[in-house]
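Inspection log for the structure reproduced underneath, given as C-alpha cells.
The values are calculated or read from the model by the stated rules, or taken from the named source; none is laboratory data. Keep in mind the model is a prediction, meaning the values are calculated, not measured. A quick note on method: Cβ atoms are made from the backbone with ideal geometry, for glycine too, and the neighbour counts reach across all protein chains shown. In case anyone asks, the SASA skips ligands and DNA or RNA and just uses the protein heavy atoms, side chains included. Shrake-Rupley method; radii C 1.70, N 1.55, O 1.52, S 1.80 Å.
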Amino acid sequence: MKSSLKLTLGLASAITASTAASSVAHAEDLTLCWAAWDPANALVELSKDFTKQTNIGMKFEFVPWTNYADRFLNELNSHGKLCDLIIGDSQWIGGAAENGHYVKLNDFFDKEKISMDDFVPATVLGYSEWPKNTPNYWALPAMADAVGWTYRKDWFSKPELQTEFKAKYGRDLAPPKTYDELKDIAKFFQGRDIDGKKVYGAYIFTERGSEGITMGVTNVLYDYGFQYENPKKPYDMKGFVNSADAVKGLEFYKDLYKCCTAPGMTDAYMSEGLDAFKSGQVAMQMNWFAFFPGLYKDPNVGGDKIGFFPNPAGPDAHFTQLGGQGISVVSYSDHKDAALKYIKWFAQPAVQQKWWEIGGYSALKAVVEAPSFPKSAPFAPDFLASMQMVKDFWAEPSYATLLQAMQKRVHDFVVADQGTAQEALDSLVKDWTATFQDDGKI
C-alpha cells in the first residue's frame with residue numbers, strides 16, 4: 001500500500017521508456033498505468049517480451065508516488081480511457097469493484113485456467129478479492145510487497161561493538177527478533193560515533209500527509225494485539241482498535257521515535273528512509289521490500305555492508321504491514337480483449353520468474369516457493385517469511401477517509417505530543433464509526 005507518497009525514483013527513465021515504446025507502430029497499443037519507481041522500469045523491460053509475442057505495443061503512464069492516487073483515482077472516477085491496465089493500490093480494490101472501475105476477472109480466469117490457488121494467499125486477499133474472503137476477483141497479484149528492515153551489517157560486525165553490546169545486554173549484536181531487542185539495538189547506536197560520524201539508531205515512518213505513519217505504526221500495533229474489528233462482528237471496533245494492548249503498542253512506537261531516531265524526522269516516509277540509510281545516518285531502517293534490490297546494489301551501503309531482517313515480533317503476535325498491488329483491466333478501456341491478453345501473459349510462470357529476476361516481486365507460488373528462491377537474493381528469505389505474516393489496512397470504498405483519520409490521530413500523539421495513546425485510539429474508534437455509519441454499514 002503506497003497511495004500518495006514522496007518518491008520519484010526512476011521517473012525519468014520510466015518516461016523515456018514510455019516514449020520509446022510509443023514510437024513503434026503495432027497492430028494495437030495498450031497503456032499501463034502505475035507509479036514511477038524502479039519496479040515500473042523493470043516492468044517496461046519485461047513487457048517487451050509481450051510485444052514480441054503478440055505485436056501489441058505497450059505504452060506506460062507512470063507518475064510520481066506523490067500524485068499516484070490523485071491522478072489515477074480521478075481518472076477512474078471520471079471514467080477516463082487513458083489506462084487500459086492499471087496497477088492499483090490494494091486499498092482501491094473495494095471502491096474500484098463497487099463503482100465498476102475494474103473488470104471482474106472470474107470468468108476470464110476460469111477460461112484461461114488461471115487459478116488464484118497458485119498465488120500467495122495474502123496477495124490474493126490483499127490485491128484481488130472484494131468482498132474480502134470471497135472468490136470474487138478484480139485483479140491479478142502483480143507486485144508483492146511488505147514492510148521489512150535493513151541494517152548496517154558492517155557496523156554490527158565490528159568486534160569492539162560486539163564486545164560492548166554483549167557486555168551490556170548479555171547477547172550478541174545481531175538482527176533483532178523482537179521489538180524489545182530492536183529498541184535495545186537502536187538505543188545502543190543512538191548518538192554513537194562511527195567512522196568519524198554521529199549516527200542514529202533507527203529510521204521509522206512518521207509522514208503525516210498520505211499514509212506514512214500508518215504504514216509504520218501498524219507494524220508495531222499488530223504485534224501488540226491491535227485488531228481492526230471484532231472477528232465475530234464486522235465493524236465492531238471498540239475494545240479491538242483501542243484495546244489495552246493496542247495502547248501499549250502505540251506507546252512503544254512513540255518511545256522508539258523519541259529515543260532512537262535522527263532529529264528532524266517528523267514527516268518522513270520512504271524516500272527519507274532511503275536517504276538516511278544511504279548517507280550512513282542510521283543503523284536500521286524500516287522500509288518496503290521493493291527498495292531492497294536497489295539498496296543491495298548501492299555502492300556505498302550495499303553488498304557486504306547491508307543486511308536484512310523481517311519485521312520483529314511483539315509480546316504476543318508477529319505480523320507485518322502488507323504493501324504491493326494487483327493489476328486490473330479498466331472497465332472503460334476500448335482495448336479490454338488485448339488487456340486481458342496481457343494479464344494472461346503476465347500470469348505465466350516463466351514470465352513471473354523473470355519478473356522476480358529483473359527487480360519485480362512475484363506473488364506466484366511456483367516462483368517464491370521454489371527450492372532455489374531463498375538463495376536467489378540476500379533479502380529473499382526475509383521477503384518470503386514476511387509474506388506469510390502480512391496484514392493490511394481497510395480496503396473499504398471509504399478507505400481514504402479511514403486512512404486520513406488514522407494519520408491524524410497517530411501523528412498527533414507520536415510526533416506532536418498531543419494527548420495520550422488511549423485518547424488517540426478512542427478518538428480513532430469514533431472517527432471510523434462515524435465513517436461506517438455514513439456508509440450505512442453500522
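A few comments on the model shown:
- Failed criterion for H318 (all others in (1) assigned to a loop (DSSP other than H, G, I, E, B); (2) touching a Gly at 6+ places or on another chain (Cβ under 8 Å); (3) modelled with pLDDT of 95 or more hold): (2)
- Residue ranges of helices (runs of 4 or more DSSP H) in region 347-442 with at least 1 members without any contact (Cβ under 8 Å) to a residue 60 or more places away in the chain and over 29 Å from L43 (Cβ atoms): 399-414, 421-438
- Among the candidates K354, K365, residue that is farther than 24 Å from N311 by Cβ, outside the structural domain of V220 (by TED's automatic domain parsing) and open to solvent by 10 Å² or more (accessible area, probe 1.4 Å): K354
- Looking only at region 61-86, residues that are free of Cβ contacts under 8 Å to residues at least 60 places away in the same chain and open to solvent by less than 10 Å² (accessible area, probe 1.4 Å) come to 1 in all.
- The single residue among A385, A339, A395 that is in contact with a strand residue (DSSP E or B) (Cβ under 6 Å, 6 or more places away or on another chain), of a type outside the set (S, T, N, Q) and buried (at least 21 other Cβ atoms within 10 Å of the Cβ) turns out to be A339.
- The residue that is farthest from V220 (Cα to Cα), counting only those in region 141-171 that are among the acidic types (D, E) and open to solvent by less than 50 Å² (accessible area, probe 1.4 Å), is D154.
- Filter result for K344 (touching a residue at least 12 places away in the same chain (Cβ under 8 Å) and either on the phi > 0 side of the Ramachandran plot or charged (D, E, K, R) (or both)): yes
- Checking each residue in region 284-343 for being among the hydroxyl-bearing types (S, T, Y) and more than 20 Å from the chain's Cα centre (by Cα) picks out S331, Y332, S333, Y342.
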